[in-house]
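Reading through the structure tokens given below for one structure.
The values are calculated or read from the model by the stated rules, or taken from the named source; none is laboratory data. Fair warning: this is a prediction, and the values are worked out from it, not measured in the lab. Neighbour counts are summed over all protein chains in view; Cβ atoms, including those assigned to glycine, are modelled from backbone coordinates with ideal geometry. Side chains included, ligands, DNA and RNA excluded: accessible areas come from the protein's heavy atoms. Shrake-Rupley method; radii C 1.70, N 1.55, O 1.52, S 1.80 Å.
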Amino acid sequence: MKSKRIRSALCAITLVFSISVCAAAQSAQDWPQFLGSPQTPGIAAAKTPVNPSAAKLLWSIKHSTTSEYNGMKMESNACGTPIAVGNSLYLTLSSGTLLKLDAQTGKTLASASCKDIPPYNSQIACGDGKIFVPQQTSAGVRISAFDMNSLASVWQSDTIAYGSSAQQIASPIMYYGHKIYFGTYTQDPKTYAYNSGVYACLSAENGKTAWKHENAAAGYYWNGAAVVGSAIAVSDTAGNVSTYRLADGSPVSTVSAGGPVNSTPCYANGRIYVSVKSGYIYSVKANANGQIVAGTALKSAALGNNISSSPVVYNGRLYVAGGGYGAATPFSVLNAADLKTIYQIKGIQSQSSPLVTTAYATAANKNRVLIYVTKYGTADQNSVFSKDSSCVYVISDHEGQTKPSYETLFTPSAAQSCSQSLTCSADGTLFYYNDSGNLYAIGSKSAMPALKTGENASVWIASVILAGIALAFLLKTKITHKGADKR
């Protein structure tokens, strides 16, 4: 009888921890594509490293290719932007490989051959158990899908072609509602003007084209999309912001932002926000059907001279980075309601789209958030980069704050330029690479190990409380049994 009761109590404890782990897994936030979630882009809820003393380098791996030109060997960046799903990290190498890594160690778990990966700006996505990888050839652009567990090939789409020149891809792939969305471009080799492009929607199940729009006047270079209710908002390199029905791609509205755009729109609080390349933010109202509301356009003051960072909006504040090659645009914090500048950080020049974590926000700290971007990098006349090039900054911001608060979170061992945005796993680890080809994983120093599936505070506390209850039940069982023995 005693053993049965003890076994019952132990089963209760096991059940408690099983429930806790399952709940943690269900509440874990993956980062399955550029900017994470298409409905809350750039927003994470993971407990990321809060400052340099709390941060540590978990691992770093160099992925690069070596080529030869006129007898001189040249090493170049070979990584695509990583995505984090569960305990795995996925990325492409321009040498023609898709990798699946253990996110905690960097160890390769699986790999697949995938030719014709773009040499730069390979933005993959995950959905429906598949990894979607962009490819480009002299014929145009296609997408290949791989099983996320084994990396076995699942399907390859038809080639997206338009016009006399081959289409290329630097647009992030967005997965949403069992479909994927992406844009292509052509570029004049002399003027660098974007001549044309195609924005396409494919079935995530089989890669068949659901719909596409051919653009004879502009392309989609770094131009992503935002979900606007039952529609999708897409920017192009001419500065047009267009909305299409998700279901069939039928056009809903189009408006001009007033200048070229090389970034992904953000939809928040009933408004579409885009960063315009020449240095300002444009915003316009749109309803849940994607209909843009006339007479609602807003334009910020000039923030600088170069913005390719995608804006992120949270709690009424807009965050956007600026800078890059030959530019010195500060990081900016704006009021999302009227686009008035709250403050700027002149010490940060970045092409990153901000990663904002809300994990530490409370009423007591005025909903403080932490924002992460990378430094683009600065080089001298001999092309030697400063030691802090491609470092990671952490910015602290809260309601009512009007002055900057930031510091350098991490400085990589290999100084180089970096136009990358950071990726965040459910346990708060940050991932990125710079143009040296080094991939870095930055975690937190912690006395308590994190669950591999990711966790949040409420789940952990609940598990401890429930475990205590189970333990009390076990002790009570022992006491009751002792009393029964005395009788």
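Among the residues making up region 330-372, those that are in contact (Cβ under 8 Å) with a residue 60 or more places away in the chain and of a type in the set (Ser, Thr, Tyr) are TYR343, SER352, SER353, THR357, THR358, TYR360, TYR372.
If the condition is being farther than 18 Å from PRO118 by Cα, outside any strand (DSSP E or B) and within 24 Å of the chain's Cα centre (by Cα), then region 153-183 contributes GLY177, HIS178. Can you go through THR378, THR411, THR362 and tell me which one is touching a Ser or Thr at 6+ places or on another chain (Cβ under 6 Å) and open to solvent by 60 Å² or more (accessible area, probe 1.4 Å)? Answer to the check: THR378. Within region 111-136, the set of residues being part of a loop (DSSP other than H, G, I, E, B), among the charged types (D, E, K, R) and at negative phi comprises LYS115 only. Scanning region 94-110 for residues that are of a type in the set (D, E, K, R) and assigned to a strand (DSSP E or B) yields LYS100, ASP102. For region 56-90, a residue qualifies if it is at pLDDT 85 or above and either open to solvent by 40 Å² or more (accessible area, probe 1.4 Å) or more than 30 Å from LEU370 (Cβ to Cβ) (or both), and the qualifying residues are LYS56, LEU57, LEU58, SER60, ILE61, LYS62, GLY86, ASN87.
Restricting attention to region 391-408, the residues that are open to solvent by 10 Å² or more (accessible area, probe 1.4 Å) and not in a loop (DSSP other than H, G, I, E, B) total 5. Among the residues making up region 34-55, those that are open to solvent by 10 Å² or more (accessible area, probe 1.4 Å) and either touching a His at 6+ places or on another chain (Cβ under 9 Å) or closer than 28 Å to SER230 by Cβ (or both) are PHE34, LEU35, SER37, PRO38, GLN39, THR40, PRO41, ILE43, ALA45.
If I ask for residues that are at pLDDT below 95 and open to solvent by less than 10 Å² (accessible area, probe 1.4 Å), which ones from region 199-223 would you list? Correct list: empty.
Please specify each residue of region 260-308 satisfying the condition of being β-branched (Val, Ile, Thr) and within 29 Å of LYS375 (Cα to Cα). Within region 260-308, VAL261, THR264, ILE272, VAL274, VAL276, ILE281, ILE307 meet the criteria. Of all residues in region 265-291, those satisfying the criterion of being open to solvent by less than 10 Å² (accessible area, probe 1.4 Å), closer than 18 Å to ALA321 by Cβ and of a type outside the set (Phe, Trp, Tyr) are PRO265, CYS266, VAL274, SER275, VAL276, GLY279, ILE281, SER283. Picking from residues in region 95-104 that are open to solvent by 30 Å² or more (accessible area, probe 1.4 Å) and closer than 19 Å to SER153 by Cβ, the one that is modelled with the highest pLDDT is THR97.
Consider GLY316 carefully, then state whether it is open to solvent by 20 Å² or more (accessible area, probe 1.4 Å) and touching a residue at least 40 places away in the same chain (Cβ under 8 Å). So GLY316 passes the test.
If the condition is being surrounded by fewer than 24 Cβ atoms within 10 Å (Cβ to Cβ) and either within 20 Å of TYR280 (Cβ to Cβ) or not β-branched (Val, Ile, Thr) (or both), then region 224-243 contributes GLY229, SER230, ALA238, GLY239, ASN240, SER242.
Please go through (1) out of contact with any Phe, Trp or Tyr (no Cβ under 8 Å at 6 or more places or on another chain); (2) closer than 22 Å to ALA125 by Cβ for ASN262 and return the number of the only condition it doesn't satisfy. The single condition ASN262 does not satisfy is (1). Within region 125-180, track down each residue that is small (Gly, Ala, Ser), open to solvent by 10 Å² or more (accessible area, probe 1.4 Å) and under 23 Å from PRO41 (Cα atoms). Scanning region 125-180 gives GLY129, GLY177. Screening SER196 on (1) open to solvent by 40 Å² or more (accessible area, probe 1.4 Å); (2) in contact with a Ser or Thr (Cβ under 9 Å, 6 or more places away or on another chain); (3) in contact (Cβ under 8 Å) with a residue 24 or more places away in the chain shows it passes everything except condition (1).
For every residue, the table says whether it meets (1) open to solvent by less than 20 Å² (accessible area, probe 1.4 Å); (2) in contact with a strand residue (DSSP E or B) (Cβ under 7 Å, 6 or more places away or on another chain); (3) of a type in the set (Val, Ile, Thr); (4) within 20 Å of CYS266 (Cα to Cα).
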site: ALA328; (1), (2), (3), (4): no, no, no, no
site: ALA336; (1), (2), (3), (4): yes, yes, no, yes
site: SER350; (1), (2), (3), (4): yes, yes, no, yes
site: LEU355; (1), (2), (3), (4): yes, yes, no, yes
site: ILE371; (1), (2), (3), (4): yes, yes, yes, yes
